[in-house]
Amino acid sequence: MNSTRNIIIVTVTALMVLLARASWRVLAADGNSHEINIAGPSQAIPLGGAWIATLAEANIITEWTITPVNPEHTEFISVLRQVRPDPTFGGGFLEADRETDWVGQMVQTGWNTFESTVVRYGTKKVEDQPQPEIVYIVVMYGSGRLVDLNTIEAGGTTAIFLPEQDADGDGFPDEGQEPIYCGPYTLTSCKRVQIMPPCELTPPPQGQ
């Protein structure tokens, strides 16, 4: 009985070791198999790169740049820029005439998961003032996972604050302030920008 139990324990232990040393094999767009080591939560995941993220229900397309900031590639700078800017935030702030990029930080939370926070501002020009005024502050929290080397699934919350909720002027809502709006979002699609084949050049008109 004991020998049987010992055999089971040894077998399970061996399987655990093999799983710990396993690699996540994914099929990239080029048809080749790639590997992502899943030795543990501290193992870096290849988030760094340029991505296109969409939110179809809001008609939003963003260029998303993720840049590693530590040698382990577990912490990242996150920058998003909307392809079709809307400073009014869907008509909620008609006086706003400019929006900044989303900027923030992303951290790895598991072998293929992450969470992030990015901040964006809407501003308006004011006559006889050298600088525009801030109209709103947006804080977007997100969490997600790397499905394969070229696909991200993510969602989170979007919180909107007014400039008077930043009394100390540090660019962040003051502690304890409640957003005037908080709503969920889910990315419809998020794909890595990869090397694509060139287009075929249009032949020049005859005689030139």
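Read the figures in this text as sums done on the coordinates, not as results from a lab. Computed from a predicted model, the values in this text were never measured in an experiment. Methodologically, a virtual Cβ is constructed for each residue, glycine included, from the backbone with ideal geometry; neighbour enumeration extends over all protein chains shown.
Placing R0 at 35 angstrom, the Cβ-Cβ distance between residue 107 and residue 131 gives a FRET efficiency of 0.60 after rounding to 0.05. The slack in the chain from residue 175 to residue 195, taken as 0.36 nm per residue of separation less the alpha-carbon distance, amounts to 2.8 nm. Over all Cα atoms in the range 45-192, the spread is summed up by Rg and Dmax: 16.0, 53 Å.
Counting 0.36 nm for each residue step from residue 56 to residue 145 and taking away their Cα separation leaves a gain of 30.1 nm. Using r as the Cβ-Cβ distance of residue 100 and residue 186, and R0 as 35 Å, what FRET efficiency do you calculate, to the nearest 0.05? Efficiency, from the Cβ-Cβ distance: 0.90.
Working from Cα pairs under 8 Å separated by at least six residues, relative contact order for the range 120-208 is 22 percent. Ordering 106, 140 from the fewest to the most neighbouring beta carbons within 10 Å gives 140, 106.
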